[in-house]
Amino acid sequence: MDIILFGVGQIAEVMAHYVQQDPHLNLVGFTVDRAYLPPSGEFKGLPVAAWDDASTLFPPGKIRILGPVSYRGNNTFRRDRHFEAKERGYSFASYIHPSSHVSGAEIGENSVILEECTVQPYAKLGTGSILWSKVHIGHHAQIGDFCFFASFCGIAGNARVGDCTFFGGQTGLADNLSVGSGCIIGAGTAVTETIPDGALAISRGTRVLPNGARRFARRLLG
């Protein structure tokens, strides 16, 4: 399958690395908003087309698109470009790393699942879902469209997440709870209550004890 990636930044570079190792995907180029077009017209040795003219170089009937793989604008940038691509007649690719385990779950189009993720049976991931490395989505969980889960997130069984919500690294959502649309869950936050639309949820900051490591070591480690 011939595909293009949206973007020419670091995340696009990472995704190009993964895609080029997938025998079922053939990366033929990139597209990006015209303001970010590289002067050389290339990225990673492949052609880059301005998004407003991408269909000339990369015809929608022959090439699929993946991305943008981004949480810019709390995922709204990705949502908007997805629907623009659909209006132009593009179909979408998805990427699932071979080390991840997805069984009996529904995965929306234009989604990315990186290394060692688990998506349990009867879970549903919406369009444009992004699971970075080592994310767990529990059974019967319902994830909205265009959500981004950073590494080491854990979403328990039968949980609900609305559209365009971002989960930072090492976050958790308890079973049977809901997080609304357009939310941001800060890194390291354990969500143990329902979160309304548009909310920011963050745990208390790290407590730092000067010389605490030395005292802890003397007391517990001898």
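Remarks
- Taking label points 7 Å from Cα along the Cα-to-Cβ direction, residue 10 and residue 57 give a separation of 2.4 nm.
- Relative contact order of region 95-207, pairs being alpha-carbon contacts under 8 Å that are 6 or more residues apart, as %: 15 percent
- Applying both filters, DSSP loop and at most 16 other Cβ atoms within 10 Å, to the trypsin sites (Lys or Arg not before Pro) of region 52-113 gives 62, 72, 88.
- Residue 188 long-range amide H proximity, modeled H, under 5 Å: 169, 170, 171
- Ordered by the number of other Cβ atoms lying within 10 Å of each residue's own Cβ, fewest first, 17, 97 fall into the sequence 17, 97.
- If R0 is 22 Å, the Cβ-Cβ spacing of residue 36 and residue 86 corresponds to a FRET efficiency of close to 0.55.
- Under 5 Å from the amide H of residue 113 lie the amide H atoms of 95, 96, 97, 131, each residue being 5 or more positions distant or on a separate chain, with H modelled from the backbone and absent for Pro and chain starts.
- Amide hydrogen proximity for residue 100: with H placed 1.01 Å from N in the peptide plane, the residues at 5 or more positions away or on another chain lying under 5 Å are 116, 117.
- Straight-line cross-link partners of residue 44 among the lysines, defined as a Cα under 24 Å from its Cα and at least 8 positions apart when in the same chain: 62.
- For the chain, the relative contact order works out to 10 percent when only alpha carbon pairs closer than 8 Å and six or more residues apart are counted.
- The HN-Hα couplings worked out from phi for region 30-41 by the Karplus form 6.51 cos²θ - 1.76 cosθ + 1.60 (θ = phi - 60°) are 9, 9, 7, 4, 3, 4, 10, 5, x, x, 6, x Hz, whole numbers, x standing for Gly and Pro.
- Per residue, the convex hull around the alpha carbon atoms of the chain comes to 167 Å³.
No value in this document is a laboratory result; all are computed from the given coordinates. Just so it is clear, the model here is predicted, and its values are computed rather than measured. All Cβ positions, even for glycine, are placed from backbone atoms using ideal geometry, and neighbour counts span all protein chains on display.
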